[in-house]
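Data block below; observations after.
The values are calculated or read from the model by the stated rules, or taken from the named source; none is laboratory data. Note that the coordinates shown come from a computational prediction; the quantities given were computed from them, not determined experimentally. Here the Cβ is made from the backbone with ideal geometry for all residues, glycine too, and neighbour counts use every protein chain on show.
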Amino acid sequence: MKFRYFLLLFVFASCKAPEKSPIEEKEANLERYFASVFKNSISTKDENIILLNNQSCSACRKDVINSLVEKLSHAPTHRTYILMKQDTILMSAITKDKNAKIIFDNTGTAGDFGLNYASDFVYRFKDNELKNMLEVSAASIDSLNLN
């Protein structure tokens, strides 16, 4: 009888909850980040969320950000740009997009929520779910599919 309980213990220990895919995990991280930092939920119907860290030189990546804003401005979706601090170079590029909103994360806690904080990222939502994400670079902007 004790042996059966012992075996039963192994059966229960080996049971696992289904794991989330990396994209589902990022979506959950973004939702927690927005709820905690901005006291708001993500309007995920059709939206692009662009997380721009301010750790690298804005002047160095000005052309890349201008290209990104230009490409995204042709998308039918709303865009939310998250900046870690006031940055006139980035803000002047973003304000050219009439359908964009800029919000500021003064806490700098994006990394605490599992969001890759060392690079700029675009998170693309469509039909209430995160469809894809990409690191912002000249090559990734060229391959960005807006459909």
Query raised in the report: Checking Ile42 against (1) loosely packed, with under 15 Cβ neighbours inside 10 Å; (2) among the aliphatic types (A, V, I, L, M); (3) closer than 19 Å to Lys26 by Cβ, which single condition isn't satisfied?
Result: (1)
**Report entry** Total residues in the stretch 96-115, condition without any contact (Cβ under 8 Å) to a residue 40 or more places away in the chain and either under 15 Å from the mean Cα position of the chain (by Cα) or loosely packed, with under 15 Cβ neighbours inside 10 Å (or both)
**Finding:** 10
Report summary line: When every residue in the stretch 138-147 that is exposed (fewer than 15 other Cβ atoms within 10 Å of the Cβ) and not in a helix (DSSP H, G or I) is compared, the one modelled with the highest pLDDT is Ser143
Query raised in the report: Pairs under 8 Å by beta carbon, first residue without any contact (Cβ under 8 Å) to a residue 24 or more places away in the chain and more than 13 Å from Leu130 (Cβ to Cβ) in the stretch 21-41, partner assigned to a helix (DSSP H, G or I) and not hydroxyl-bearing (Ser, Thr, Tyr), six or more apart or different chains?
Result: Asn40/Phe34; Ser41/Glu31; Ser41/Phe34; Ser41/Ala35
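Matching residues to (1) within 23 Å of Asn145 (Cα to Cα); (2) assigned to a helix (DSSP H, G or I); (3) of a type in the set (A, V, I, L, M); (4) modelled with pLDDT under 90:
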{"site": "Ser56", "(1), (2), (3), (4)": "no, no, no, yes"}
{"site": "Ser67", "(1), (2), (3), (4)": "yes, yes, no, no"}
{"site": "Lys85", "(1), (2), (3), (4)": "no, no, no, yes"}
{"site": "Asp97", "(1), (2), (3), (4)": "yes, no, no, no"}
{"site": "Ile102", "(1), (2), (3), (4)": "yes, no, yes, no"}
{"site": "Leu115", "(1), (2), (3), (4)": "yes, no, yes, yes"}
{"site": "Tyr123", "(1), (2), (3), (4)": "yes, no, no, no"}
Query raised in the report: Failed condition for Ala75, given (1) without any contact (Cβ under 8 Å) to a residue 40 or more places away in the chain; (2) part of a loop (DSSP other than H, G, I, E, B); (3) touching a Leu at 6+ places or on another chain (Cβ under 7 Å), with all others met?
Result: (1)
Query raised in the report: What is the one condition in (1) more than 23 Å from Ser21 (Cα to Cα); (2) among the charged types (D, E, K, R); (3) in contact (Cβ under 8 Å) with a residue 24 or more places away in the chain that Arg124 does not satisfy?
Result: (1)
**Report entry** All positions within the stretch 23-43 that are at pLDDT below 90 and polar (S, T, N, Q)
**Finding:** Asn40, Ser41, Ser43
Query raised in the report: So, in the stretch 85-95, of the ones that are of a type in the set (A, V, I, L, M, F, W, C) and touching a strand residue (DSSP E or B) at 6+ places or on another chain (Cβ under 9 Å), which residue ends up surrounded by the fewest Cβ atoms within 10 Å (Cβ to Cβ)?
Result: Met91
Query raised in the report: Among Lys16, Lys20, which is surrounded by 10 or more Cβ atoms within 10 Å (Cβ to Cβ), on the phi < 0 side of the Ramachandran plot, at pLDDT below 85 and basic (Lys, Arg)?
Result: Lys20
Query raised in the report: Given the conditions (1) assigned to a strand (DSSP E or B); (2) modelled with pLDDT under 90, which single one is not true for Ile49?
Result: (2)
